[in-house]
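Quick notes on the structure that follows.
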Amino acid sequence: MEEELRVGFVGNPNCGKTTLFNAYTGARLKVANWPGVTVEKKEGAMKYHNHRFKLVDLPGIYSLTSYTMEEKLSREFILNDEVDVIVNVADASALERNLYLTLQLIELGKPVILALNMMDIVEERGMEIDLHRLPEMLGVPCIPVSARHKTGLEILMHTVAHHKTKCQDINFVHQHKELEEKSKHIHAHHKEYAMVYHDEIEDKLDEITERLKQAGYILSNYRWYALKLLEKDSEIIKQYPIDLEGIVDQSYETEIINQKYDFIDEIMEECLVNKAKKAAATDRIDRILTHSIWGLPVFLGIMAVVFFLTFTIGDWLKGGFESGLSFFSDTVFNLLTKAKTADWLISLIVDGIIAGVGGILTFLPNIIILFLALAFLEDSGYMSRAAYVMDGLMERLGLSGRAFIPMILGFGCSVPAVMASRALEDMRDRRKVVLITPFMSCSARLPIYVLFSQMFFGKFAMIAAFSMYLIGLAVGILTAFVINRFEKKGQIRPLLIELPEYKTPNMRTIFIYVWDKVKDYLTKAGTTIFIASILIWFLLNFGSHGMIKEMSESFGAGIGKALTPILVPAGLGLWQIVLALISGLAAKEVVVSSFSVLFGIANINSTAGMNGLIDVLSGYGFGALNAYAFMVFCLLYTPCVATIAVIKRELKSVKWTIISVLYQLFIAWFFAVLIYQIGRIFY
């Protein structure tokens, strides 16, 4: 019978855990060169000889003294004996920073293997790690790997299989003779543990251990729990409320941390060779990208380049898509006509399904270019710099710079962005972030911007579309500012975020990221948008007396006309527009497909299609100002139902979910009205 080993991948954020997990399991979890990508534990399986491995990718943590939800999840998983072997994935190019967690994991008394990832970067910098000395000092196997290049993976699993019963190697070679000679502690801990503290700490640990035993607690590793009690860890104190009078007169967390880092300095001195041989280019680049003055303009400039590429290259490529769609639509129409198909069925297929779904597919080149650019920025290591640059502004809004991470994610999709709010430990801050994150313009809105900016703004189309992203960011910041003025100010936890080394983006990682996004887009086109197109066709072709010829007599027209007065002040007083906005609650891309069906425009993204729509809208007095107000409304109004469901799950409150939805709807209406009414004065 095959043995199954449960292996937990634990490490600092952005150390390569998910890349390593993907390499073993073939999974396609999102990977990026910035912290906070994994927000839940992910599981996979693999076989190695006669072993079956259950691999678990845990959220990144810096310490076992947990603060955020991700850190708590990782810590609870490890402590609840849900893992047989811990693979501590460390960024070998930043070993000093990663070893603090390594020492804490070793102290748990569980089998630990140190996977030294990114060894290729270590070599690029001309540095070397003494792989004989390092295991001697830590007492655990240290295996060099490169998850990106898939080297060292087999030997790592071989080590896992053979190290499952060993908590540590006993033969430490520390060169601690002077400390051992000076020590008056009764136990020779230098021969038992990798991390040994000064006599005062060690004496207290022994006393706490005895009191835990006297209290009747049966623990697998008394030393670790004694350390946590000495640090006054609130969760451990609740679980093991023993009398610590005369032992713990204060929190010794700072002393314990300092002594750990003293040992880490010793390890680096012994094991890292040629540390300063090659200066990292990262520091030179960051002098500009994270500059207190130039950092923000550079960020905005980079995003402007992203949208320039999205429009120029995307528009060049989509011509082929438009021609293909037009040919396909005409072919289907001719075949159905020759087959003497009923008119209503031809209308459903050609005017409803093909026009609706096909209209969305023509925007695929723009979507691909956008995600290619974002994937490049993420995997290169730039995105975390954006959060760092925004830290000062976030602090003025009553938030940590960490809150900017969900906001950046919101440019891709609001669902993972809302989930990323878990990185904030304070529920009040999480509510605030969840409230403002949907204002970040997700990729689903891009087809709306592309269509209306190209129709009404000509050579300024890119500027009009890019302004939506700036407006969304500004409205989010303004909302946070207003809330901060009225709420009771609390202590803001400072931003602690890793700024990873810049690296050449991995093409496989980028391919996985872009393909997943494209697949989601195509899935929406084949499901949500497909169903929405049929539903809208039905609403427009049926009324109280059955199938109708005049669209104004349809169910859809009735719904739209009832709500039209609300949007008249925003210059959006057409029932077709109201119905398109309602359909956008299913998915924002549906707004474009709805226009195609509502106004009977085939291949809406083609030159002929856009000219046709302009002619129809112009007949209603709908011009560039109306179009801009419409784009702003689509930017800010209630997000899709998937995002609403995630907001409900993350906040665990129907009340706050409703508040969030209604607030976003009001803000969209308010700014659309403001822009339209002010614009009328000058336009």
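The values are calculated or read from the model by the stated rules, or taken from the named source; none is laboratory data. Remember, predicted model here, so these are calculated numbers, not experimental data. Here the Cβ positions follow ideal geometry from the backbone for every residue, glycine too, while neighbour counts run over all protein chains shown. Please note that ligands, DNA and RNA were not included when accessible areas were found on the heavy atoms of the full protein model with its side chains. Shrake-Rupley method; radii C 1.70, N 1.55, O 1.52, S 1.80 Å.
Of everything in segment 223-239 that's part of a helix (DSSP H, G or I) and under 32 Å from the mean Cα position of the chain (by Cα), which residue is surrounded by the fewest Cβ atoms within 10 Å (Cβ to Cβ)? Even if it seems obvious, please write down each step before you answer.
To start, the set of residues in segment 223-239 that are part of a helix (DSSP H, G or I) comprises 223-230, 234-239.
Subsequent filtering for residues that are under 32 Å from the mean Cα position of the chain (by Cα) retains 228, 234-236.
Details: Lys228: 22, Ser234: 10, Glu235: 14, Ile236: 19.
So the residue we want is Ser234.
For segment 445-462, enumerate the residues that are over 17 Å from Phe622 (Cα atoms) and open to solvent by 10 Å² or more (accessible area, probe 1.4 Å).
Lys459, Phe460, Met462
Are there any pairs with C-beta distances below 6 angstrom linking a residue in segment 70-90 that is touching a residue at least 60 places away in the same chain (Cβ under 8 Å) to a residue that is part of a strand (DSSP E or B) and of a type in the set (Lys, Arg), with the two at least 6 apart or on different chains, and if so which?
Once the first residue is touching a residue at least 60 places away in the same chain (Cβ under 8 Å) and sits in segment 70-90, its partners that are part of a strand (DSSP E or B) and of a type in the set (Lys, Arg) give Val83/Arg6; Asp84/Arg6.
If Ser533 satisfies every condition in (1) of a type in the set (Ser, Thr, Tyr); (2) at pLDDT 75 or above; (3) closer than 22 Å to Gly609 by Cα but one, which is the exception?
Failed condition: (2).
What residue, of Val89, Val112, is crowded, with 23+ Cβ neighbours inside 10 Å, within 26 Å of Glu4 (Cβ to Cβ), touching a Cys at 6+ places or on another chain (Cβ under 6 Å) and modelled with pLDDT of 80 or more?
On the way: Val112 fails: touching a Cys at 6+ places or on another chain (Cβ under 6 Å).
The conditions single out Val89.
Suppose the filter is surrounded by fewer than 23 Cβ atoms within 10 Å (Cβ to Cβ) and not charged (D, E, K, R); does Leu64 pass it?
Numbers: surrounded by fewer than 23 Cβ atoms within 10 Å (Cβ to Cβ): yes; not charged (D, E, K, R): yes.
Taking the combined requirement at face value, the residue satisfies it.
For segment 426-443, enumerate the residues that are open to solvent by less than 10 Å² (accessible area, probe 1.4 Å) and closer than 14 Å to Ser414 by Cα.
Val433, Val434, Ile436, Thr437, Pro438, Phe439, Met440, Ser441 - these are the residues of segment 426-443 that are open to solvent by less than 10 Å² (accessible area, probe 1.4 Å) and closer than 14 Å to Ser414 by Cα.
Looking at (1) open to solvent by 30 Å² or more (accessible area, probe 1.4 Å); (2) modelled with pLDDT of 85 or more, which is the only condition Leu212 fails?
So the condition that Leu212 fails would be (1).
List the pairs whose first member sits in segment 114-140 and is on the phi > 0 side of the Ramachandran plot, whose second member is charged (D, E, K, R), and whose Cβ atoms are under 9 Å apart, counting only residues at least 6 apart or on separate chains?
Here the result reads Met118/Asp91; Met118/Arg148; Met118/Glu501; Met118/Lys503; Gly126/Lys277; Gly126/Lys278; Gly139/Asp169, each pair linking segment 114-140 to a residue that is charged (D, E, K, R).
Among the candidates Val592, Val646, Val641, which residue alone is at pLDDT 80 or above and either of a type in the set (A, V, I, L, M) or open to solvent by 50 Å² or more (accessible area, probe 1.4 Å) (or both)?
Numbers: Val646 fails: at pLDDT 80 or above; Val641 fails: at pLDDT 80 or above.
Just one listed residue meets the conditions, Val592.
Need at least 1 residues that are of a type in the set (D, E, K, R) and either touching a Ser or Thr at 6+ places or on another chain (Cβ under 9 Å) or at pLDDT 70 or above (or both) per element, so show me which helices (runs of 4 or more DSSP H) inside segment 385-430 make the cut, counting only ones lying wholly within it.
On the way: elements: 391-396, 404-409, 414-419.
Helices (runs of 4 or more DSSP H) meeting the threshold: 391-396.
Taking the options Ser606, Ser653, Ser660, name whichever one is under 30 Å from Ile349 (Cα atoms), small (Gly, Ala, Ser) and under 36 Å from the mean Cα position of the chain (by Cα). Break it down into steps so the answer makes sense when it comes.
Numbers: Ser653 fails: under 30 Å from Ile349 (Cα atoms); Ser660 fails: under 30 Å from Ile349 (Cα atoms).
Within the list Ser606, Ser653, Ser660, the selection yields Ser606.
What's the number of the only condition in (1) closer than 27 Å to Asn626 by Cβ; (2) at pLDDT 75 or above that Asp516 fails to meet?
(1)
In this structure, is Glu178 modelled with pLDDT under 80, assigned to a helix (DSSP H, G or I) and not aliphatic (A, V, I, L, M)?
Values: modelled with pLDDT under 80: yes; assigned to a helix (DSSP H, G or I): yes; not aliphatic (A, V, I, L, M): yes.
Considered against the rule, which asks whether it is modelled with pLDDT under 80, assigned to a helix (DSSP H, G or I) and not aliphatic (A, V, I, L, M), Glu178 comes out as yes.
Note down all Cβ pairs under 8 Å where the first residue falls in segment 236-254 and is among the acidic types (Asp, Glu), the second is open to solvent by 30 Å² or more (accessible area, probe 1.4 Å), and they're at least six residues apart or on different chains.
Close Cβ pairs satisfying both conditions: Asp243/Arg211; Glu253/Lys232.
Residues of segment 297-316 being of a type outside the set (Phe, Trp, Tyr), in contact with a helix residue (DSSP H, G or I) (Cβ under 7 Å, 6 or more places away or on another chain) and at pLDDT below 75, which ones?
Hits for segment 297-316 are Thr310, Gly314.
Got a number for residues in segment 542-581 being open to solvent by 60 Å² or more (accessible area, probe 1.4 Å) and either touching a Gly at 6+ places or on another chain (Cβ under 8 Å) or among the aromatic types (Phe, Trp, Tyr) (or both)?
Total satisfying the criteria: 3.
Could you count how many residues in segment 595-610 are under 12 Å from Leu451 (Cβ atoms), hydrophobic (A, V, I, L, M, F, W, C) and crowded, with 22+ Cβ neighbours inside 10 Å?
Residues flagged as under 12 Å from Leu451 (Cβ atoms), hydrophobic (A, V, I, L, M, F, W, C) and crowded, with 22+ Cβ neighbours inside 10 Å within segment 595-610 amount to 3.
Considering only residues that are more than 12 Å from Met303 (Cβ to Cβ), open to solvent by 30 Å² or more (accessible area, probe 1.4 Å) and in contact (Cβ under 8 Å) with a residue 12 or more places away in the chain, which ones fall in segment 463-478? So that I can check it myself, show each step before the final result.
Start the filter on segment 463-478 by keeping residues that are more than 12 Å from Met303 (Cβ to Cβ), which leaves 463-464, 471, 474-478.
Those left that are additionally open to solvent by 30 Å² or more (accessible area, probe 1.4 Å): 463, 471, 474, 477-478.
Once the filter is applied, which keeps residues that are more than 12 Å from Met303 (Cβ to Cβ), open to solvent by 30 Å² or more (accessible area, probe 1.4 Å) and in contact (Cβ under 8 Å) with a residue 12 or more places away in the chain, segment 463-478 yields Ile471, Ile477.
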